[in-house]
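Data block below; observations after.
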2 protein chains.
Amino acid sequence: MDYQLPQRDITFLLDEVLNLDDTLALPGYEHCDKDTFFAVVDAIHGFVRDNLATCNEAGDSPGAKLVDGQVYAAPGFGDAYKVFCEDGWNALALQEEYGGQQLPFVLHAALREGMAGTNLAFALIYELNFGVVEALMAYGSDEQKAVYCPQLTSGNWAGTMNLTEPHCGTDLGLIRTKAVQNDDGSYAITGNKIFITWGDHDMSENLAHLILARVEGAQPGPRGLSLFLAPKYMLDADGNTTDAQNTITIAGIENKMGIHGSPTCAISFEDTKAWIVGEEDKGLAAMFVMMNAARLSVGLQGLGVAEAAVQAATAYAHERLQGRADGEPWNPDGRADPLVAHADVRRRLLTAQGEMDAGRAFAYFGASLLDEAHRAATPEDRKAADAKLSVLTPVLKSYLSEMGSRMANEAVQMHGGHGFIKDYGVEQLVRDVRITEIYEGTSAVQARDLVTRKVRGDGGAVMKGFVADMLAEADDLPAELADVQTALRDAAARLGRCTDWVLSARQGDVLSGACDYLEVVALSFSAWMAARIAKAAHTGAGAQSADYYADRLDCARALLVRALPRALSHEMIMQAGEPGMICRADRCI
Amino acid sequence: MDYQLPQRDITFLLDEVLNLDDTLALPGYEHCDKDTFFAVVDAIHGFVRDNLATCNEAGDSPGAKLVDGQVYAAPGFGDAYKVFCEDGWNALALQEEYGGQQLPFVLHAALREGMAGTNLAFALIYELNFGVVEALMAYGSDEQKAVYCPQLTSGNWAGTMNLTEPHCGTDLGLIRTKAVQNDDGSYAITGNKIFITWGDHDMSENLAHLILARVEGAQPGPRGLSLFLAPKYMLDADGNTTDAQNTITIAGIENKMGIHGSPTCAISFEDTKAWIVGEEDKGLAAMFVMMNAARLSVGLQGLGVAEAAVQAATAYAHERLQGRADGEPWNPDGRADPLVAHADVRRRLLTAQGEMDAGRAFAYFGASLLDEAHRAATPEDRKAADAKLSVLTPVLKSYLSEMGSRMANEAVQMHGGHGFIKDYGVEQLVRDVRITEIYEGTSAVQARDLVTRKVRGDGGAVMKGFVADMLAEADDLPAELADVQTALRDAAARLGRCTDWVLSARQGDVLSGACDYLEVVALSFSAWMAARIAKAAHTGAGAQSADYYADRLDCARALLVRALPRALSHEMIMQAGEPGMICRADRCI
């Protein structure tokens, strides 16, 4: 698969549709001007192409292996990780204080997109490293930060998050893993964790495991959970890795549908020596800091895989000769016309590209809110950006991960029988991306979070603010985009109506309608983004690269007429009401 | 996975919703009364549970193997095939003349559903055996029929269809495989075929390969293709299998996303000795006989997998304890409530079951048309049934195969992270069923067939007839089902409107809108079937098993309010028009 980072789209969206100048002007980003920014985007392309795309297939098969209790990464992954760390990619968005480059999250988003587009299994180790640093920065002691953060920032050590147990994933309140305090202030952790992403491997000198566990005697439920930090190899007094292993056993690697390059471990902790991160019983809050950041990132994973899929489908549609166009042949000298000569194929590709453009704008819009939430000059601005991002996070996670699956399946479909076999790599995309709809909270969990905590939680204030922004944007569109204006106004009105319904309907009905509401939100935001793209393309037209701007305008309109109307159905289905007891009788006797 | 054939649903739908009495009264089915029919349905359940479910996982891994040019079926498959043949399942719907049992296609549909629900990879060998007999019955010489049909009916020999070549699948006119007539009237076939389902194996005494090839000197394109029959092992003068192998080389087994238990072969023919089936240059017509029958069958495969998926999701939703219900706990003594306590989970299951009920009724409605088309007393009735089935075949194939994928993915989603690993078997369903959307013509090919050959081909006469039937059905609903009546009238009106559009819009627009039109047709038929189910359940209510009837009525209403509204969006998107040239500029520079 010949993936290329869509550099031009990324720079167009950030610079001409969103507000890259504002982002780069935030305090803390003084060292990143626009030229630097664009140069790094270009370098991301080279890095992922030369290092991650090349080992993606080996990641799928043979994948990672567990031998005598030690996990060995898939062929090529170790070398890729070496380059990843040495070239500073692992440190891209981490803070300067611990050796990070402190570059904007919108740039970080491009790295994540490119990594997921070439090698989703590999991309996950980075997420873990990043997440563990974030949790330690927020809740760790000064000593923990001083010892762990530089190592995790350089990538010399790698991180893991240990939450799930065999009987609980979503409902972490059921966690049974136990922590008993030792005389020296450390804790002994005992319990079994499953689904631990990159839970062990041979690519880094050491591993830092974050573990959610219950201190002996703590209350049951989520409020009795604490967060602990345990190294794979014990540290000496200076914080250096020793040969002494902590009592951590890798019980197995899960046999999964995809992302075989990412070793998903079952881990047994038995009197594992660990140190508390933050206070006792406050562990879940710390985990949620990581989880919320991770959810935006999962959305970017979906986007990255979707891009790879659309590129593969587009290439195949141009290269595969099959059948004849209606009317004049496109390839009269050849034995057949390319697939793209068929109206239905063009419709599929155009719709996909329209959804991709709007989805990418939505994703980078979210990333720019993360920059604002971290770095805006005033606490009010930071708080406002955080509130917006908080509402959008479940939507970005759910919608973009599902877009990844949809586009991967579209790519298989475009390839016909050849898509179902391994040769073109598109079936691997389907298998790999499938997990993004599940981990860090399934789509249903996101939808529930959206309607309860996010929309009803603030009386709909933030969402209504977005609706007002959309209407203002619509008012601001030029006369030549009257069709776009009408579509955006309709979308905003629908989002307003549906939000009112979420605020006023009874709880059971709202929970039943949550997934459909989330789709309405996602499609409304896509329409907003499409309108902004249309406006920028309209403004840019007449300049050089007229084709590029014309494409963007076509794609924006495709989103509005070929994808947005799905919201009609979602609005209606959303209101169908809560089912009571269902399906009481046996259908099989 | 604990699959059970939904016997009660099948008998309810056939006996109370559709017209089983009429089917059993058709000439040729005198030997099958209702008791026999129900007894066979029950026996199907036992057969698939005891023989096919048991080896499905081994089919996935290790799967079939190619060793020294001979394919060996997956562990357990050979034993299952033996029982399959000995118990007469292979002969179920084949004609008495050659040892078949000549039972109705609606019963055959139940067998296909049950086989696909337990072991899709295995189910495919049966499709091939059946298809080859059908082609020979229609086009073979008397001698070919006499020699091959009894062997293929008993299953002692197995069949294959050799169409696809590396450079062509959908566009068979590009076929290059060559046939040169020998002095004895036979032909020497030379060429390379790929994607040959069950192209070789060790389960039967011999194989009968049907091969599409071009007689030397024949015209290019589809009108120059002829159909040939070649045995794997040569036959002696009495038609018995000898040890002499024909010159057929199995070049490889494809490395696929799923159905690993079905060996998909690349086959090289080199001066392979073969006999023509029918006339020279008439091969494609013969293949299309098989293909049309196969398309209904692929729909039944989707239905079968969907059923297995919904059963798995339902079972897990009742057994997995996670989180608490809003309001009163459902399981106050347990550590958490079952998933089904959540409104969103009930919504998903109810919607899925509503789609399943209507989809199953639609599938068996199609199968009953096949019975009529074969056996109705008058040629007029046979022709009318054939015309109806012909219009519905692409819809059944496409909609039900996509329902299979959707439900399999829903089952993975219901299982959360546990769905992504192999343990529960649901990820295998996703991988296995994915091919049903592709083989025998992709969904896009079906949609094109629907709007061009089928709807525009007869000026919309058959489809308009269905609309009239739906409206008549609506008029006939009791007052208590006023909501159902309204929904069905709306659906019928929409189908009429959309059909008018297909008949009157310009060709490029219609081809662009074909897939959305197909969805409108499928959802309209689902609504019709749901209305018939609602009526039958309403009539049956008050009798014993009130719960069963109440469930059916709930599910019918769920289809109407939670799935049918998708047609709103499809109607609008359908009319978006044909895209011209798309995406001209590079997005990656």
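Quick notes on this one:
- C-alpha long axis of helix A:343-375 to longest principal axis of chain A, angle in °: 50
- In Å, descending, principal axis extents of the Cα set of the protein assembly as shown: 89, 69, 63
- The listed residues A:His201, B:His570, A:His538 rank as A:His538, B:His570, A:His201 when sorted by accessible area, largest first, using a 1.4 Å probe.
- The length gained on full extension between A:Asp79 and A:Asp547, counted as 0.36 nm times the residue separation minus their Cα-Cα distance, comes to 164.5 nm.
- For B:Glu97 and B:Cys588, a Förster radius of 56 Å and the Cβ-Cβ distance give a FRET efficiency of 0.35, rounded to the nearest 0.05.
- Solvent-accessible heavy-atom area per residue, rounded to whole Å², over chain B at 1.4 Å: 34
- In nanometers and ordered shortest first, the copy-to-copy spacing of the B:Trp330 label point, defined 7 Å from Cα toward Cβ, is 5.0.
- Chain A contacts chain B over a buried accessible area of about 8300 Å², both sides summed; the probe is 1.4 Å and only protein chains count.
- Cross-link pairs exceeding 30 Å between alpha carbons, from the set A:Lys193/A:Lys388; B:Lys145/B:Lys178; B:Lys232/B:Lys256; A:Lys256/A:Lys397; A:Lys256/B:Lys82: A:Lys193/A:Lys388; A:Lys256/B:Lys82.
- Amide H contacts for B:Thr264 (H built 1.01 Å from N in the peptide plane; partners 5 or more residues away or on another chain; cut-off under 5 Å): B:Trp198, B:Glu254.
- Accessible area per residue was computed with a 1.4 Å probe on protein heavy atoms; B:Cys515 scores about 20 Å².
- Remark: segment A:87-103, residue by residue, has Karplus-estimated 3J(HN,Hα) of 7, x, 5, 4, 9, 3, 9, 7, 6, 4, 3, 10, x, x, 9, 6, 8 Hz, where x stands for each Gly or Pro and the curve is 6.51 cos²θ - 1.76 cosθ + 1.60 at θ = phi - 60°.
- Between helix B:283-319 and chain B: long-axis angle, C-alpha atoms, 0 to 90°, nearest 10: 40
- Sorting A:Met581, A:Met287 by accessible area puts them as A:Met581, A:Met287; the probe is 1.4 Å, largest comes first, and only protein heavy atoms count.
- Label point distance in nm, A:Asp202-B:Asp202, each placed 7 Å from Cα along Cα→Cβ: 3.6
- Spatial separation of Cα centroids for segment B:351-365 and segment A:385-421, in angstrom: 28
- In chain B, the calculated helix contribution to ellipticity at 222 nm averages -17500 deg cm²/dmol per residue, counting -39,500 (n - 2.57) for every DSSP H run with n ≥ 4.
- Spread of Cα-to-Cα distances over 10 Å intervals beginning at zero, given as percent, for segment B:493-561: 20, 35, 21, 16, 7, 1
- Distance between segment A:480-497 and segment B:286-322 - C-alpha centres, whole angstrom: 40
- Projection of the Cα convex hull of segment B:34-160, averaged over all directions and equal to a quarter of that hull's surface, yields 8.1 nm².
- Estimated vicinal HN-Hα couplings, Hz - segment A:52-67 in sequence order (Karplus 6.51, -1.76, 1.60; Gly, Pro = x): 9, 4, 5, 10, 5, 5, 5, x, 6, 8, x, x, 7, 10, 9, 10
- C-alpha center-to-center spacing [segment A:429-469, segment B:71-91] in angstrom: 49
- Just so you know, the Cα atoms of segment B:447-578 work out to an Rg and Dmax of 16.1, 54 Å.
- Hull shadow area, averaged, chain A [alpha-carbon convex hull, nm²]: 30.4
- Residues of segment B:198-214 with amide N under 19 Å of a point placed 7 Å along Cα→Cβ from B:Val67: B:199-205
- The three principal axes of the C-alpha atoms in segment B:157-282 carry coordinate ranges of 38, 38, 20 Å, sorted with the longest axis first.
- Applying both filters, DSSP loop and at most 10 other Cβ atoms within 10 Å, to the GluC sites (Glu not before Pro) of segment A:1-73 gives A:Glu30.
- Acute angle (nearest 10 degrees) that the helix A:105-118 long axis makes with the longest principal axis of chain A, alpha-carbon atoms: 90
- Estimated inter-spin distance, B:Leu503 and B:Thr54, nm [label 7 Å along Cα→Cβ]: 5.6
The values are calculated or read from the model by the stated rules, or taken from the named source; none is laboratory data. These numbers come from a predicted model, not from an experiment. Here the Cβ is made from the backbone with ideal geometry for all residues, glycine too, and neighbour counts use every protein chain on show. Heavy atoms of the whole protein, side chains included, go into the accessibility calculation; ligands, DNA and RNA do not. Shrake-Rupley method; radii C 1.70, N 1.55, O 1.52, S 1.80 Å.
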